[in-house]
Structure formats: C-alpha cells, structure tokens
Amino acid sequence: VNFTFYEAFGTTSALTTTQYVHGNKIYVYSSSLDVVGYQNAQIVENEIEIYNAANRGHTLAILDPYGDTVSITTYDTYGSAGSLTTLANALNGVSTGNIVILTVWDASALNAGVRSSLTTYYGSTNANTWAASRRDHIFIGIRN
C-alpha cells in the first residue's frame, strides 16, 4: 500500500500543492532563494495556517489522523549533516497513522537515510537524494 500522497522536488521555481488526507485539506508551499518572489515555507491545514517561516532546511509537521498538530520542527538539512540523521530518526519515530508534511525554505539536502525512512515507512517510490543545494521539496504521507 502506498501511503505517499504527494512528493515533488524543484530548483528554480516554487512548489505548491493542495492534498486531501483523511479528510483534511493540506496546502504546502516551498521555495528557495533562487525563486523569483520567494516566500516563507508555509503549511495550511483546513484553512488554518500552522506554519509560515523562513527557516532554512526541511520543516517536518506531524498531524494526528484527525488533523490536529502533534509537532512542527525545522531541521537545517542544508547546513548540518547531523540534521539529516535527526530528521530520519524523527520520521522513523512517527506514530502509525499520523500524517507527515515536509517542506523546505531556501536550501536543503536529502541523504539515503532520510530517503530510506520515506520509502520504508511512508511508501515513497522516489529515489531522489541531493547534496546541500537550493532545492525545494514537498512530501505528504501517512506513517504505515
């Protein structure tokens, strides 16, 4: 069973998506400083903004199956290799059935450890990894 609802990567244009997960409307925006008119990373859930900030790297929002926010944490995956390990561990530790949302502001990296977590626990079929660069990333999935 594939528990990935959406995943996309970009470099010079912003990424945005609206997905419906367990009846929750989730809007996500990601951009880098290479995007003309770049904005903060943003997550809006059921028309309520739960995240809007310019924090470099990946931001992980965890929602319970009803759409209530469990946590929102930013990992500087661009500037700190250790943040990639911490992000992978956080993804591995999400409770079954919870919704995960990843978005990027400015720049990021994604290594094999994070990719393994997304594949193993969220059904991602992408193999994309990248070194520290100005790359956008949005991922929405459910922990299986």
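Values quoted throughout were computed directly from the atomic coordinates according to the rules given, and no laboratory measurement underlies them. What you see is a predicted model; the values in this text were computed from it and never measured. All Cβ positions, glycine included, derive from the backbone under ideal geometry; neighbour counts span all protein chains shown.
Worth pointing out:
- Amide proton proximity set for VAL70, modelled H, under 5 Å, gap of 5+: ILE62, LEU63, ASP64
- Per-residue [θ]222 nm for the chain (sum of -39500 (n - 2.57) over DSSP H runs n ≥ 4, rounded to 500): -5000 deg cm²/dmol
- The calculated FRET efficiency for TYR66 paired with ALA8, based on their beta-carbon distance and R0 = 25 Å, is about 0.45.
- Global geometry of the chain, whether rounded, prolate or oblate, following the gyration tensor of its Cα atoms and the 1.5 cut on a/c: oblate
- Seen through its C-alpha gyration tensor, with square-root eigenvalues sorted a ≥ b ≥ c, the range 1-45 comes out oblate because a/c lies at 1.5 or above while a/b is not bigger than b/c.
- Normalised contact order of the chain, rounded percent, pairs of Cα under 8 Å and 6 or more residues apart: 30 percent
- One chain, two ends: VAL36 and THR96. Fully extended at 0.36 nm per residue, the span grows by 17.8 nm beyond their Cα-Cα distance.
- Considering only beta bridges that DSSP places wholly inside the chain, some 95 percent are antiparallel.
- Take the Cβ atoms of TYR20 and ILE48, set R0 to 22 Å, and the FRET efficiency comes out at 0.90.
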